[in-house]
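Nothing in this text is a laboratory measurement; each read-out follows from the coordinates by a stated rule. All values derive from a computational prediction rather than experimental measurement.
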């Protein structure tokens, strides 16, 4: 499964742990404002979707974009 979606499971697990931790820090620092937390979770979800989509593009394409 992981080879099919081109994502390293260890890196994804570490990334998710950091995202959860940072979300809790933001929630705590905002005075437990649930609205801010919902926006942050939405941004994280959008970023993860973009990461998975970008992982499907072959590296040769990125090489072509490089100067």
Subject >> Share of alpha-carbon pairs per 10 Å distance bin for the chain, given as whole % >> reply: 18, 37, 27, 15, 3
Subject >> Ellipticity estimate at 222 nm from DSSP helix runs (n ≥ 4, -39,500 (n - 2.57)) divided over the chain, nearest 500 >> reply: -26000 deg cm²/dmol
Original post:
To the nearest 10 degrees, how steep is helix 34-55 against the longest Cα principal axis of the chain, on a 0 to 90 scale?
Top reply: 10
**OP:** Report, in degrees rounded to the nearest 10, the 0 to 90 angle that the Cα long axis of helix 9-29 makes with the longest principal axis of the chain.
**Re:** 30
